[in-house]
Amino acid sequence: MENFLKDIKNGIITENPVFVMLLGMCPALGITTTAINGIGMGLATTFVLLGSNIVISLLRKVIPNEVRIPSFIVIIATFVTLVDMLMNAFFPGLHDALGVFIPLIVVNCLILQRAEAMASKNSLGRAVGDALGMGLGFTLAITSLAAFREILGNGTIFEFTILPNFIPLRVMTQSSGAFIALGLMLAFIKWVEITKKGGSRA
Amino acid sequence: MPKAIRLVGVLTIICVVSALSLSYVFNEIAGPIIDEREKEAAVGMLRDLVPDADDFEIVTDDNDRIIYYEIIKGGRVAYVAIPIESSGFGGPVRLILVADMDGNIEAVSVLNHSETPGYGDRIETEPEFLEQYISKNLIESSFTMGTDITALAGATVTSDAANRAVQRGAEYFMLNFMEGMEDELLEREREEIFAILNEVRPDADEFGYEIEGGQHLYYTIMKEGNVVSYALVSEGRGLNGPVQLLTIVDEDGVIEEIAVVSIVDTPGYGDRVETEPEFLDQFKGMSLTDDRFEIDDTIDKIVGATITSMGAAESIRNAASKWIELFIEGSAAAKPSEEDDPDKIAILREYFSEEYTFENCPAGSGALYAAILDNEVRTYAIFSSKRGLQSDIEVLLFADLTGIIKNVVILSQNDTPSYGDRILEEDWFTDQYIGKSLNESVFNPGDDIDVLSGATVTSTAANDAVIASADTFKSCIQKGAGQ
């Protein structure tokens, strides 16, 4: 249980996939125009991560080392296709908004990296904890990035207007805005880290 | 070995399980919902338009594209809903036309459009406009803008687009849901043209027409029982839609009169092709066979209506190629026969032999020469030319007695520097032909002959010239050999 909580905290804070490991940059930059998209993509990725981590951890003694990468990819692709179909059936609006980024979860390196580094070497319990931690960490990170962009680019958050007389910075809704926002947030996190360690100068 | 079997086995099992689970989810859970929702979205609007319908069927073509919808009531198809479109001010205006099986319009509704907010989009916000169509009949009613249908003031282009779409829908309905309507449609088209002819040629006694393959080929203008003039309908691309013209010519293809059949371009700008006769009058006296109809020094465009002017010129060019196709090609007498030309002999002497004879070959379009050495024909040389991008591309081709190509030379071209003119520099293009047979080889650009990328028009023209040479060779040399 202690390990399980540690794994979750590890995914959300210590090794946050977006802000620390800089994994899964494609969706993190591509779909983070509104906070809703961020949550949708985050949860879809968490679902895929959870499914693939569980299956890979269960099969870790069955899958021969030589064919592990193709096996992982088939398993991950299966879950991605499932998410794609189920989302199209039950959340058509979100499915349309995320578009091609749903099938592209297959190539999100975060998922293959967790399969390779964690699920294929550890017990089911730890793999689940890791998937939840990493998934939530990814969701939190891209949702906050998306919220940041939505506020500055549109004056809204979760589609509620919070800055009524604000002249939006349209660049924030463009892809260049994604890089700017991510850069600013990474700098902020580094700054917090450094001041916490007690150093005022890097 | 067992190791390899294990690798293959595990991967195979994973793939099979993956495929099975995906097909289960798609067929049993997600698929039906997705299909249902897509159908729902399409028929949701139809349900609003025909509230008392029992069911809706989507009719698709072989590529699963929707052609029309059947609306079922009381166990039979009561209405059809046809998606129609035409280009408006900001892009295509897509409508849906619902009519019963007798052609009575039940509803016309907007599917989507990108017209200007506050102007063109009133087609959607002011239902009075589309309501004008309700209870009109697709077969019997006429849909003339201004008399039968009132346009939205300030949104003329959009109104016109909608009206044109309905007219097309009516045509589609007649051809697909009514039997024997083809003749009816042709007759209507004819009446429209005859009305125009009546206006521009009051001197005529009678008008005739020629039909082939379900289409009018041309119209004739008769006086005292003789055909005095011909009239051709042709189209060019304008700003908002086709520029349709009626070109009236005498027996030699000299333009006597040009009338507008229909123009949908912007009122006050593009429609000046119709309202300012000076523009079309410029073409009078020009010849469909000899002149070129380009907006340039000889033909002035209408300032402020460039695209429509170019559309009109294109339309006349199309009339010219139709004229040539109908009356010039195939009648060998009309073709200017190639003549013995000392300049060509001079060119030939640079390549091979001293002595050449001109072979009269009226059936071919190229000029044919035979090279003679020691009193024997050794090689044939054929000059052919075809129109390239800016100039004629003249090609000289040498072939042996059996028609095997020995050499191809591009003699002249004036096409765009660093694009079309590469045909002179890049030898591989002409080298492609060497060794091919004029009798047997095919010369399809792209398949058999690689074109110069970026100089497609020029290469295709050169290729056409080679094909013309092959025709000349086949029609004269081979026949002569057989006799």
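Quick note: the coordinates plus some simple rules give every number you see, no bench work behind them. None of the values given here were measured: they were computed from a predicted structure. Cβ: placed from backbone, ideal geometry, glycine included. Neighbour counts: every protein chain shown.
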- Task: Take the Cα pairs of the protein assembly as shown, get the Kirkwood Rh, then feed it into Stokes-Einstein at 4 °C and 1.567 mPa s and tell me D in µm²/s.
- Result: 39 µm²/s
- Message: Calculate log10 I(q)/I(0) of region A:2-146 for q = 0.11, 0.21 Å⁻¹, where I(q) comes from the Debye formula with a single equal point scatterer on each Cα and nothing for solvent.
- Response: -0.37, -1.25
- Query: Tally Lys/Arg at +1 and Asp/Glu at -1 over every other residue whose Cβ is under 15 Å from the Cβ of B:VAL442; what's the total?
  - Reply: -4
- Task: Quantify how strongly other chains surround peptide A:84-90 by giving the mean number of their Cβ atoms within 10 Å of each of its Cβ atoms.
- Result: 5
- Where does the protein assembly as shown land at 222 nm, in deg cm²/dmol rounded to the nearest 500, when only DSSP H runs of n ≥ 4 count, each adding -39500 (n - 2.57), divided by all residues? -13000 deg cm²/dmol
- Query: Hey, how many Å between the Cα centroid of region B:341-409 and the Cα centroid of region B:98-149?
  - Reply: 63 Å
- Over 28 Å between C-alpha atoms is what I'm after, so list which of A:LYS121/A:LYS196; B:LYS322/B:LYS474; A:LYS61/A:LYS190 land there. A:LYS121/A:LYS196; A:LYS61/A:LYS190
- Task: Grab the beta carbon distance between A:LYS61 and A:LYS190, set R0 = 45 Å, and tell me the FRET efficiency rounded to 0.05.
- Result: 0.65
- In debye to the nearest 20, the charge dipole size for region B:31-178, taken about the Cα centre with +1 at each Lys and Arg Cβ and -1 at each Asp and Glu Cβ, equals 300 debye
- Note on the structure: Inter-chain shielding metric for B:8-14, i.e. average beta-carbon neighbours from other chains within 10 angstrom, reads 5
- Task: Please give the peptides B:239-250, B:275-286, B:175-186 ranked by average Cβ packing (other Cβ atoms within 10 Å per residue), highest first, as a rough proxy for protection.
- Result: B:239-250, B:275-286, B:175-186
- Please name whichever of B:GLY103, B:CYS361, B:ALA399 sits farthest to the positive end of the charge dipole of chain B, dipole taken about the Cα centre and charges placed at Cβ: Lys and Arg +1, Asp and Glu -1. B:ALA399
- Task: With unit charges on the beta carbon (Lys/Arg positive, Asp/Glu negative), name the residue among B:VAL303, A:SER175, B:THR220 whose Cα is farthest towards the positive pole of the charge dipole of the protein assembly as shown.
- Result: A:SER175
- Residue mean of other protein chain beta carbons inside 10 Å, B:36-43: 1
- Query: Taking the Cα centre of region B:338-479 as origin and charging only Cβ (+1 Lys, Arg; -1 Asp, Glu), how large is the dipole, in debye to the nearest 20?
  - Reply: 300 debye
- Message: Test of understanding: what is the full-extension gain from B:ASP296 to B:TRP428, defined as 0.36 nm times their sequence separation minus their Cα-Cα distance?
- Response: 44.0 nm
- Could you give the dipole magnitude of chain B about its Cα centre, charging the beta-carbon of Lys and Arg +1 and that of Asp and Glu -1, in debye to the nearest 20? 1740 debye
- Between B:LEU217 and A:SER123, how many nm apart are label points set 7 Å from Cα along the C-beta direction? 9.0 nm
- Query: Quick one: if the Förster radius is 56 Å, what FRET efficiency do B:ASP148 and A:ILE162 give, using the C-beta to C-beta distance and rounding to 0.05?
  - Reply: 0.60
- Sort the following peptides by mean Cβ neighbour count (other Cβ atoms within 10 Å, averaged over residues), highest first: A:73-85, A:167-179, A:3-15. A:73-85, A:3-15, A:167-179
- Among the DSSP H helices of chain B, those whose Cα atoms extend at least 15 Å along the helix axis and whose mean Kyte-Doolittle hydropathy is 0.5 or higher are B:2-24, B:456-473
- With r defined as the distance between the Cβ atoms of B:ARG378 and B:GLU251 and R0 fixed at 60 Å, what FRET efficiency is calculated, to the nearest 0.05? 0.85
- Points 7 angstrom from Cα along the Cβ direction at B:ARG190 and B:GLU36: gap in nanometres? 5.5 nm
- Task: Mean Kyte-Doolittle of at least 0.5 plus a Cα span of 18 Å or more along the axis: flag which DSSP H helices in chain A meet both, please.
- Result: A:35-58, A:68-90, A:124-154, A:175-196
- Note on the structure: Among A:ILE142, A:LEU22, A:ASN53, the residue whose Cα sits farthest towards the positive end of the charge dipole of region A:2-146 (+1 at Cβ of Lys and Arg, -1 at Cβ of Asp and Glu, taken about the Cα centre) is A:ASN53
